[in-house]
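Participant: My questions all concern the structure below.
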Amino acid sequence: MARSFGDKDLILPNGGTPAGTSSPASSSSLLNRLQLDDDIDGETRDLFVVVDDPKKHVCTMETYITYRITTKSTRVEFDLPEYSVRRRYQDFDWLRSKLEESQPTHLIPPLPEKFVVKGVVDRFSEEFVETRRKALDKFLKRITDHPVLSFNEHFNIFLTAKDLNIYKKQGIALLTRMGESVKHVTGGYKLRMRPLEFAAIGDYLDTFALKLGTIDRIAQRIIKEEIEYLVELREYGPVYSTWSALEGELAEPLEGVSACIGNCSTALEELTDDMTEDFLPVLREYILYSDSMKSVLKKRDQVQAEYEAKLEAVALRKEDRPKVPADVEKCQDRMECFNADLKADMERWQNNKRQDFRQLLMGMADKNIQYYEKCLMAWESIIPLLQEKQEAKKESRFLDGPRK
Amino acid sequence: MEQASPDPERQLQPGLLEPLGRSDAGLGVAVDEEAEGAREEGSGGDTMTHNNFWLKKIEISVSEAEKRTGRNAMNMQETYTAYLIETRSVEHTDGQSVLTDSLWRRYSEFELLRNYLLVYYPHIVVPPLPEKRAEFVWHKLSADNMDPDFVERRRIGLENFLLRIASHPILCRDKIFYLFLTQEGNWKESVNETGFQLKADSRLKALNATFRVKNPDKRFTDLKHYSDELQSVISHLLRVRARVADRLYGVYKVHGNYGRVFSEWSAIEKEMGDGLQSAGHHMDVYASSIDDILEDEEHYADQLKEYLFYAEALRAVCRKHELMQYDLEIAAQDLASKKQQCEELATGTVRTFSLKGMTTKLFGQETPEQREARIKVLEEQINEGEQQLKSKNLEGSNNLITQFIFGIQVWTNAKECFSKM
């Protein structure tokens with residue numbers, strides 16, 4: 001699981017470090033790549049971010065929710081050891097765009113869906129806000145865990161600035177060198193063939209997204225069926241109460257059965273709520289994640305396409321041989337960095353995905369187990385009630401009752 | 001208004017046999033009196049056989065069901081199910097059982113037997129039969145009368161029916177019941193010869209009685225209300241239960257889809273593959289478990305239906321009582337007017353009837369002690385029914401508990417698979 005990040009990434013053409021690399025982000029990212037990837041061990045971490053405390057703000061123009069972001073860090077990039085700021089969804093959205101722009105060779109984590117169909121979902125309901133808060137927290141934690149993205153200046157500003165709007169307006173160009181360079185890649189070139197390993201990643205992501213989509217639909221269907229089952233249960237239980245009112249001796253056990261069914265109904269409702277709030281959103285996030293990853297793959301293709309085209313053009317112009325012109329070298333450099341970054345991120349992504357799904361599916365199993373345990377407890381508690389009445393009336397003039 | 005005047009001879013002749021020392025204080029006396037007439041009529045040989053029959057302990061079972069084809073009354077081809085009834089006598093000494101009779105009967109014959117008993121024992125709550133057609137079904141498939149699960153549950157219900165009659169001190173002595181167990185051919189003719197159909201009261205008469213009885217017995221009125229409300233609540237319960245079962249089925253079955261998609265997903269994964277694959281298998285197990293669970297629950301539904309039918313039978317007895325009460329009141333009126341006539345003709349006229357004989361004819365063989373005894377029997381039967389219901393409730397909840405334990409098992413297994421991902 002924990003492996004040295006440095007090995008693959010340092011295999012660069014022409015040996016040594018990428019030419020002319022000097023921006024702070026790159027050098028410290030290089031340093032990070034040499035370190036062991038040990039997120040699991042909390043002691044070696046030097047950056048902690050938490051999203052909590054949602055609050056509703058009512059203004060003349062609009063109503064919205066802000067979340068508190070608390071940051072604790074010993075990194076030199078932070079002036080203070082601790083920060084606490086308030087951000088709203090569009091601030092997160094801004095951050096993500098900036099990251100995509102400035103770190104195009106990396107996989108940027110997804111945000112929860114921006115738009116919600118008004119009328120269907122209550123944007124200010126406790127459940128919705130809590131679900132969103134968890135997703136935003138996950139988003140920032142994924143960035144925090146990333147050796148390159150966590151040092152991004154936009155990220156830093158997001159975590160520390162008192163008033164983010166000033167920075168937004170200023171539109172400070174904080175692009176990394178890589179970001180700058182990829183930005184200028186012309187899109188006109190078409191890649192003839194994707195290299196095998198990236199084609200494999202593309203295929204994987206396609207199938208992966210497909211399967212997740214299916215699981216999402218199944219999960220939704222199950223929740224729907226469970227809710228319909230719940231509706232019937234809620235009618236079923238009270239009928240036993242009605243019956244109990246007619247009876248003398250049977251009244252207590254029947255009332256007990258009614259209460260029991262009521263408890264099971266409540267347990268089922270809790271299960272469906274949990275699945276809706278915790279399971280479905282994570283699935284959907286991963287689908288969004290794989291969509292954005294496919295875009296990065298396409299960008300990589302473009303970079304490679306440009307390089308190959310330029311290389312071909314040079315090969316045709318026999319004058320410049322054997323020296324390779326500077327701009328072609330730049331393209332090659334760009335491509336190889338991109339490939340390296342992407343591969344590293346892919347491996348990191350695969351590990352995290354495995355952890356995330358392990359946790360998600362185990363959570364689903366747990367919730368179901370808890371549901372059954374609650375039901376079991378409810379029914380076991382009324383067995384004594386049914387049994388004691390039975391023993392009280394053992395004598396009967398007739399046979400012991402028909403056998404089954 | 002026609003008055004059904006009970007003819008002691010017709011009523012009693014094919015019905016009752018000589019009691020055999022199994023007597024309970026109140027009832028024994030009543031039965032003896034009623035049997036008085038029969039003893040004179042019954043043939044010596046038959047009575048002896050019947051006596052011996054009941055001296056030994058009897059085991060009755062409906063052991064098999066078989067599909068048959070035949071021609072019905074309109075000479076059309078039909079398919080029906082026949083049930084094998086086996087009667088064994090158990091020797092007192094060594095407890096071993098010997099097969100004494102075995103014959104095949106179909107559902108309609110059971111129905112005939114029950115209708116006969118309803119007419120001849122109006123004061124007794126006759127045990128119910130299992131449903132004629134599958135009602136309160138949750139799944140379209142189980143509405144089929146030929147469905148093996150339905151047939152099996154019916155077999156059990158028919159067996160319970162016979163056992164309950166056999167364990168009833170009065171019903172067990174009925175000759176037609178005895179013939180049902182022993183005489184395969186011509187049994188229908190024997191039943192029809194009793195002419196019980198003529199004796200069956202019309203529904204209209206029963207309804208009339210409900211509204212015109214002047215001094216209804218409060219206990220019977222209460223019983224009637226109870227049985228009405230009970231029928232209503234249990235019908236409601238059965239309807240909702242069927243919907244609950246239907247929904248639960250849906251929930252389990254959709255989980256089966258997880259099995260397939262986990263398997264497909266596992267194909268593109270390296271480390272996660274095994275975990276996903278085996279978890280998917282557990283989802284399949286989970287989805288297929290619902291069939292057995294719901295089949296078990298059908299037995300609970302059957303018990304509820306029995307209770308429903310008992311309520312109906314109870315209602316029938318109350319209705320019968322109302323009819324008799326009504327007849328009684330009308331007869332009392334008549335008697336009063338006839339007494340008057342009698343007094344007017346008293347001088348010089350030979351009495352053409354005896355008052356005792358008249359009241360016997362009009363009021364039936366009922367003495368206050370007998371009525372008390374009947375009510376007591378009714379209450380005992382209701383208690384027994386409640387007792388059974390409690391035990392069925394217990395069984396039902398045991399079934400549910402098995403279901404929950406199974407659910408926990410499956411999900412714990414799945415969780416283990418996920419943890420290995």
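The values are calculated or read from the model by the stated rules, or taken from the named source; none is laboratory data. Being a predicted model, the structure only gives us computed values, none of them experimental. Positions of Cβ are backbone-derived with ideal geometry, glycine not excepted, and every protein chain shown enters the neighbour counts. For the accessible areas, the whole protein counts, side chains as well, though only heavy atoms, and no ligand, DNA or RNA atoms are used. Shrake-Rupley method; radii C 1.70, N 1.55, O 1.52, S 1.80 Å.
Participant: List pairs: first in the range B:396-421 and at the interface with chain A (Cβ under 9 Å from one of its Cβ atoms), second modelled with pLDDT under 80, Cβ under 7 Å, 6+ apart or cross-chain?
Facilitator: Every condition considered, the pairs that remain are B:S397/A:L386.
Participant: For the subset of the range A:352-401 comprising residues that are outside any helix (DSSP H, G or I) and open to solvent by 40 Å² or more (accessible area, probe 1.4 Å), which member is modelled with the lowest pLDDT?
Facilitator: Of everything passing the filter in the range A:352-401, A:R397 is modelled with the lowest pLDDT.
Participant: Looking at A:G213, A:G256, which one is touching a helix residue (DSSP H, G or I) at 6+ places or on another chain (Cβ under 7 Å), crowded, with 19+ Cβ neighbours inside 10 Å and more than 8 Å from chain B (Cβ to nearest Cβ)?
Facilitator: Result of the check over A:G213, A:G256: A:G256.
Participant: For the range B:253-267, check the following and say yes or no: at least one residue is under 29 Å from A:A251 (Cβ atoms) and open to solvent by less than 50 Å² (accessible area, probe 1.4 Å). Step through it out loud before you land on a result.
Facilitator: Step one: of the range B:253-267, the residues under 29 Å from A:A251 (Cβ atoms) are none.
Looking for residues that are under 29 Å from A:A251 (Cβ atoms) and open to solvent by less than 50 Å² (accessible area, probe 1.4 Å), one finds none in the range B:253-267, hence no.
Participant: Also, I was wondering about something else. Restricting to helices (runs of 4 or more DSSP H) lying wholly in the range B:186-296: which have 2 or more residues that are modelled with pLDDT under 80?
Facilitator: B:196-199, B:203-212, B:218-266
Participant: Then there's this: When you look at A:K330, is it out of contact with any strand residue (DSSP E or B) (no Cβ under 8 Å at 6 or more places or on another chain), at pLDDT below 90 and under 30 Å from A:P195 (Cβ atoms), yes or no?
Facilitator: When the stated conditions are applied, A:K330 passes them.
Participant: How many residues does the range B:151-193 contain that are open to solvent by 10 Å² or more (accessible area, probe 1.4 Å) and away from chain A (no Cβ under 14 Å)?
Facilitator: 15
Participant: Within the range B:82-132, work out how many residues are in a strand (DSSP E or B), under 18 Å from B:V151 (Cβ atoms) and open to solvent by less than 20 Å² (accessible area, probe 1.4 Å).
Facilitator: 5
Participant: Out of A:E130, A:E82, A:E113, A:E100, report the one residue that is modelled with pLDDT under 90 and either out of contact with any Leu (no Cβ under 6 Å at 6 or more places or on another chain) or open to solvent by less than 80 Å² (accessible area, probe 1.4 Å) (or both).
Facilitator: Details: A:E130 fails: modelled with pLDDT under 90; A:E82 fails: modelled with pLDDT under 90; A:E100 fails: modelled with pLDDT under 90.
Residue meeting the stated conditions: A:E113.
Participant: Scan the range A:232-253 for residues that are at the interface with chain B (Cβ under 8 Å from one of its Cβ atoms), of a type outside the set (S, T, Y) and assigned to a helix (DSSP H, G or I) and jot them down. If you could, list the steps in order and put the result at the bottom.
Facilitator: Looking only at the range A:232-253, we keep the residues that are at the interface with chain B (Cβ under 8 Å from one of its Cβ atoms), and these are A:232-233, A:235-236, A:239-240, A:242-243, A:246-247, A:249-250, A:253.
Filter again for of a type outside the set (S, T, Y), leaving A:232-233, A:235, A:239, A:243, A:246-247, A:249-250, A:253.
If the condition is that a residue be at the interface with chain B (Cβ under 8 Å from one of its Cβ atoms), of a type outside the set (S, T, Y) and assigned to a helix (DSSP H, G or I), then A:E232, A:L233, A:E235, A:V239, A:W243, A:L246, A:P253 are the ones that fit.
Participant: Find the residue count for the range A:138-155, including only residues that are in a helix (DSSP H, G or I) and open to solvent by less than 30 Å² (accessible area, probe 1.4 Å). So that I can check it myself, show each step before the final result.
Facilitator: The first filter runs over the range A:138-155 and keeps only residues in a helix (DSSP H, G or I), leaving A:138-145, A:149-151, A:153-155.
After this cut, where a residue has to be open to solvent by less than 30 Å² (accessible area, probe 1.4 Å) as well, the list is A:139-140, A:143-144, A:149-150, A:154-155.
Final tally of qualifying residues: 8.
Participant: A follow-up question, please. Could you list, in sequence order, the residues of the range B:236-257 that are under 14 Å from A:E226 (Cβ atoms) and within 7 Å of another protein chain (Cβ to nearest Cβ)?
Facilitator: B:V244, B:R247, B:L248, B:G250, B:V251, B:V254, B:H255
Participant: Say whether the condition of being modelled with pLDDT under 80, in contact with a Leu (Cβ under 8 Å, 6 or more places away or on another chain) and open to solvent by 50 Å² or more (accessible area, probe 1.4 Å) is met by at least one residue in the range B:54-73.
Facilitator: yes
Participant: Continuing with the same structure: Tell me which of these A:A305 doesn't satisfy, since it passes every other one: (1) more than 30 Å from A:F139 (Cα to Cα); (2) open to solvent by less than 20 Å² (accessible area, probe 1.4 Å); (3) in contact with a helix residue (DSSP H, G or I) (Cβ under 9 Å, 6 or more places away or on another chain).
Facilitator: (3)
Participant: Cβ-Cβ distance below 8 Å, separation of 6 or more or different chains: which pairs start in the range A:103-114 with a residue that is more than 22 Å from A:R132 (Cβ to Cβ) and not assigned by TED's automatic domain parsing to the domain that holds A:Q350 and end on one that is modelled with pLDDT under 90 and assigned to a loop (DSSP other than H, G, I, E, B)?
Facilitator: Once the first residue is more than 22 Å from A:R132 (Cβ to Cβ) and not assigned by TED's automatic domain parsing to the domain that holds A:Q350 and sits in the range A:103-114, its partners that are modelled with pLDDT under 90 and assigned to a loop (DSSP other than H, G, I, E, B) give A:Q103/A:T176.
Participant: Would you be able to say whether some residue in the range B:85-105 is within 15 Å of the chain's Cα centre (by Cα) and at pLDDT 90 or above?
Facilitator: Let us first name the residues in the range B:85-105 that are within 15 Å of the chain's Cα centre (by Cα), namely none.
No, the range B:85-105 contains no residue that is within 15 Å of the chain's Cα centre (by Cα) and at pLDDT 90 or above.
Participant: Report yes if some residue within the range A:31-50 is of a type in the set (A, V, I, L, M), assigned to a helix (DSSP H, G or I) and at pLDDT below 55; otherwise report no. If you could, list the steps in order and put the result at the bottom.
Facilitator: So the first thing to find is which residues in the range A:31-50 are of a type in the set (A, V, I, L, M), and the list is A:31, A:34, A:36, A:40, A:47, A:49-50.
Then keep just the ones that are assigned to a helix (DSSP H, G or I); that gives A:31, A:34.
Applying the additional criterion that residues be at pLDDT below 55 yields A:31, A:34.
Scanning the range A:31-50, I find at least one residue that is of a type in the set (A, V, I, L, M), assigned to a helix (DSSP H, G or I) and at pLDDT below 55, so the answer is yes.
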